[in-house]
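> Okay, here's the structure, questions in a sec.
Derivation of every value follows stated rules applied to the coordinates shown; laboratory data play no part. None of these values were measured; they are calculated from a predicted model. Cβ atoms come from the backbone with ideal geometry, glycine included; neighbour counts cover every protein chain shown.
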Amino acid sequence: MIQQTLVLIKPDGLKKSLTGNILTRLSETKLDIIAAKIVKVSKELAEEHYRQLKDKPFFNELIKYIMGYYHKQKVMAMVYWGEDAIKKVRDLTGATNPEEADAVSIRGAYGRITTKGVYENVVHASTNEAEAEREIKLWFKPDEIIVGLYPVKIIKDTQEKRVWA
Ligand code: IDP
Ligand code: MG
């Protein structure tokens, strides 16, 4: 099945100069990159991205982490697209806990657990189609993606704008 998935290189990945390594690993999947940008993550975006974890004890530290509080204040956001994209990227990413992740996975190779207990695991990848849709629409506008993934509508502001329908 052709799918799309959101991939983030988190602030620790950028701080550690792992961008090239991670993109090389992701290219092993032979999926297409159909969107990419560098984002300075606002508190609102961080909280919305991780909203399903808001009751977890590590939530506040997680928000600081993804905003780059302890690292560079930026994230590289990408959409990968192709056959079984979600599973292919998740397999390469590895388990959430970097100490449990397969040693040759991206998280296993580069992740760590901080003294504050946050899993700094270098990358994010969507886990299912519903999550991918929610996350891609949160991080990207329709015109930033070179493939038409989801329905759009035109709204008339000062000029016409295409937004997620
Ligand atoms: P995932 O990133 O593998 O999908 P989620 O459960 O969605 O895992 O958690 C989102 C992020 O929150 C993780 O990537 C990791 O950075 C952090 N995290 C998740 N569970 C824990 C935990 O038990 N302790 C500390 N940090 C965690
Ligand atoms: Mg997740």
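> Would you mind telling me which numbered condition in (1) away from ligand 2 (no atom under 15 Å from the Cβ); (2) touching a helix residue (DSSP H, G or I) at 6+ places or on another chain (Cβ under 9 Å) Asn128 fails?
Among (1) away from ligand 2 (no atom under 15 Å from the Cβ); (2) touching a helix residue (DSSP H, G or I) at 6+ places or on another chain (Cβ under 9 Å), the lone unmet condition for Asn128 is (1).
> So which of Leu8, Leu14 ends up being touching a residue at least 40 places away in the same chain (Cβ under 8 Å) and within 16 Å of ligand 2 (Cβ to nearest atom)? It would help to see each step written out before you state the result.
Numbers: Leu14 fails: within 16 Å of ligand 2 (Cβ to nearest atom).
None of the other options fit; the residue is Leu8.
> Let me ask something else. Report, by residue number, each residue of region 103-116 that is touching a helix residue (DSSP H, G or I) at 6+ places or on another chain (Cβ under 7 Å) and within 16 Å of ligand 2 (Cβ to nearest atom).
Result: Ser105, Ile106, Arg107.
> Are there helices (runs of 4 or more DSSP H) fully within region 18-82 with at least 2 residues that are within 16 Å of ligand 1 (Cβ to nearest atom) and over 14 Å from the mean Cα position of the chain (by Cα)? List them. Write out each step before concluding.
Values: elements: 19-27, 43-49, 59-67.
Helices (runs of 4 or more DSSP H) meeting the threshold: 59-67.
> Being away from ligand 2 (no atom under 16 Å from the Cβ), surrounded by fewer than 15 Cβ atoms within 10 Å (Cβ to Cβ), under 20 Å from Ile136 (Cβ atoms) and of a type in the set (A, V, I, L, M, F, W, C) narrows it down to one of Ile38, Ile22, so name that one.
On the way: Ile22 fails: surrounded by fewer than 15 Cβ atoms within 10 Å (Cβ to Cβ).
From the options Ile38, Ile22, the qualifying one is Ile38.
> Now a separate question. What is the number of the single condition among (1) touching a helix residue (DSSP H, G or I) at 6+ places or on another chain (Cβ under 9 Å); (2) surrounded by 13 or more Cβ atoms within 10 Å (Cβ to Cβ) that Lys15 does not meet?
Status for Lys15: all satisfied but (1).
> Within 16 Å of ligand 1 (Cβ to nearest atom) and either among the aliphatic types (A, V, I, L, M) or farther than 27 Å from Ser17 by Cα (or both) - does that describe any residue in region 135-158?
Step one: list which residues in region 135-158 are within 16 Å of ligand 1 (Cβ to nearest atom), which gives 135-136, 138-139.
Narrowing further to those that are either among the aliphatic types (A, V, I, L, M) or farther than 27 Å from Ser17 by Cα (or both): 136, 138.
Checked region 135-158: at least one residue is within 16 Å of ligand 1 (Cβ to nearest atom) and either among the aliphatic types (A, V, I, L, M) or farther than 27 Å from Ser17 by Cα (or both).
> Quick check on my filter: what residues within region 90-114 are under 21 Å from Trp139 (Cβ atoms) and within 11 Å of ligand 1 (Cβ to nearest atom)? Explain how you work it out, then say what you get.
The initial filter retains those residues of region 90-114 that are under 21 Å from Trp139 (Cβ atoms), namely 90, 92-93, 96, 106-107.
Once the filter is applied, which keeps residues that are under 21 Å from Trp139 (Cβ atoms) and within 11 Å of ligand 1 (Cβ to nearest atom), region 90-114 yields Arg90, Thr93, Thr96, Arg107.
> Then there's this: Can you pull out every residue in region 103-126 that is crowded, with 24+ Cβ neighbours inside 10 Å and either more than 18 Å from the chain's Cα centre (by Cα) or among the hydroxyl-bearing types (Ser, Thr, Tyr) (or both)?
Answer for region 103-126, where residues must be crowded, with 24+ Cβ neighbours inside 10 Å and either more than 18 Å from the chain's Cα centre (by Cα) or among the hydroxyl-bearing types (Ser, Thr, Tyr) (or both): just Ser126.
> Output the residues belonging to region 91-102 that are more than 12 Å from ligand 2 (Cβ to nearest atom) and either under 15 Å from the mean Cα position of the chain (by Cα) or among the charged types (D, E, K, R) (or both). Before you say what the answer is, go through the steps one by one.
First, the residues of region 91-102 that are more than 12 Å from ligand 2 (Cβ to nearest atom): 91-92, 94, 97-102.
Answer for region 91-102, where residues must be more than 12 Å from ligand 2 (Cβ to nearest atom) and either under 15 Å from the mean Cα position of the chain (by Cα) or among the charged types (D, E, K, R) (or both): Asp91, Leu92, Gly94, Glu99, Glu100, Asp102.
> Scan region 1-13 for residues that are within 15 Å of ligand 1 (Cβ to nearest atom) and not β-branched (Val, Ile, Thr) and report the count. I'd like the intermediate steps shown before the answer.
Filtering region 1-13 down to residues within 15 Å of ligand 1 (Cβ to nearest atom) leaves 5-13.
Those left that are additionally not β-branched (Val, Ile, Thr): 6, 8, 10-13.
Summing the residues that are within 15 Å of ligand 1 (Cβ to nearest atom) and not β-branched (Val, Ile, Thr) in region 1-13 gives 6.
> Right, here's the next one. State whether the residues of region 69-80 include one that is among the basic types (Lys, Arg) and farther than 20 Å from Lys16 by Cα.
First pass over region 69-80, keeping only residues among the basic types (Lys, Arg): 72, 74.
Still in the list and also farther than 20 Å from Lys16 by Cα: none.
No, every residue in region 69-80 fails to be among the basic types (Lys, Arg) and farther than 20 Å from Lys16 by Cα.
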